[in-house]
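For reference, the structure is listed below as structure tokens.
A short reminder: the numbers here are calculations on the coordinates, not readings from a lab. Values in this document were obtained by computation on a predicted structure and should not be read as measured data. Virtual Cβ from ideal backbone geometry, glycine too; neighbours counted across all protein chains shown.
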Amino acid sequence: MDSETKDYKTYLEDWANDLYSHWDSLSSHRKNEEEWHQKWNEFAHLLEENHDQDMPYACFERAKELYLLWEDAYEENERDEEIHHEEENHQDEEGHRDEVNHHGEKSRPAFNPVPIGGHTLPPLPYPYEALEPYIDRETMRLHHDKHHQTYVDGLNKAEKEMKKARSNGDFTLIAHWEREAAFHGAGHYLHTLFWNVMSPNGGGKPRGEIRKAIDSTFGGFERFKQQFTEAANKVEGSGWGVLVWAPRAHRVEILQAEKHQNLSQYDVIPLLALDVWEHSYYLKYQNDRKKYIENWWNVVNWAHVEERYREAMKVKWKPF
């Protein structure tokens, strides 16, 4: 087994262990308990015994099966939480209406917060070479394993230093660490999105609600694609092109971001992100950023963008 396959195996192991801990945190999973453990054992056995070149693909398919079981339990847990809050509302006394409304809000299942300074590198949802010929294996390996890891490490360092400052009351360097947290944190979160909005089965045109939103705002997919391409291509220096949901405007928008955190907007939710830092394309495309962007459209995972859009649309503020 080559070193890249070993690395991917490690990432899948870490991802699956994290999913297992989330499974245990859900109250609504008992009916699938036996099936979960069976598939978990099959997945663990596959990781341990499989050493051929097809291992990454086989393991990822098993990982998807685990995720689908978790997703079913997650959705059931969400329904149970909603029912529970509704029952609490009926039992509360009339004099506590404000409190009733607060507790009656629909809430997502409680995951454990990331500990301060405890962010981790998420696994790629596909092998390094899966996006070829559009994005090459070596670029994916370096981009994910080295560059993204640097942002995770930088964010953790900044959070720990700010925690230390709170403990000892010395905020002399707080401006520096706030800047570090903004830069590395935005880098970590955007890259986590970036891996998931690409797929070896991607490309084509969006469908569903996100397509309707794109058509409504931009006058059609081709106009959207042209504007997004030009916005990403003309980022000055390093940065991103990002499609976002704007809860205040109640529509989707295209934004640029220089570096990861500069010259963009707050109070928006990223749906689709394209990294145009040189490290994301230079090995294959050299300085031809435009060619990289044109080829990138062949791997866009519109199903994931649609999923994010449906969730993001639930956040709506009073429009101004």
- R0 = 22 Å: FRET efficiency of Asp288 with Glu258, Cβ-based, nearest 0.05? 0.60
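Using alpha-carbon pairs under 8 Å, 6+ residues apart, how would you state the relative contact order of the stretch 208-312 in percent?
In percent, rounded to a whole number, it is 27.
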- Message: Modelling each spin label as a point 7 Å along the Cα-to-Cβ direction, I'd like the Tyr266/Glu209 distance in nm, to one decimal.
- Response: 2.7
- Task: Using the structure shown, select from Lys146/Lys290; Lys9/Lys146; Lys9/Lys39 the pairs with a Cα to Cα distance greater than 20 angstrom.
- Result: Lys146/Lys290
- Message: As an exercise, find the ratio Rg/Rh for the stretch 136-196 from alpha-carbon atoms, using the Kirkwood inverse-distance average for Rh.
- Response: 1.13
- Item | Added length on full extension, which subtracts the Cα-Cα distance from 0.36 nm per residue, Lys316 to His176 | 47.1 nm
- Task: Extending each Cα 7 Å along its Cβ direction at Glu49 and Thr192, get the distance between those two points in nm, one decimal.
- Result: 3.5
- Query: Under 22 Å Cα-Cα from Lys318, which lysines qualify once same-chain neighbours fewer than 8 residues away are excluded?
  - Reply: Lys106, Lys212
- Note on the structure: Among Lys163/Lys259; Lys225/Lys314; Lys157/Lys314, the pairs whose Cα-Cα distance exceeds 30 Å are Lys157/Lys314
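What is the local net charge at Pro247, summed over the other residues whose Cβ is closer than 13 Å to its Cβ (Lys, Arg +1; Asp, Glu -1)?
With Lys, Arg at +1 and Asp, Glu at -1, the net is +2.
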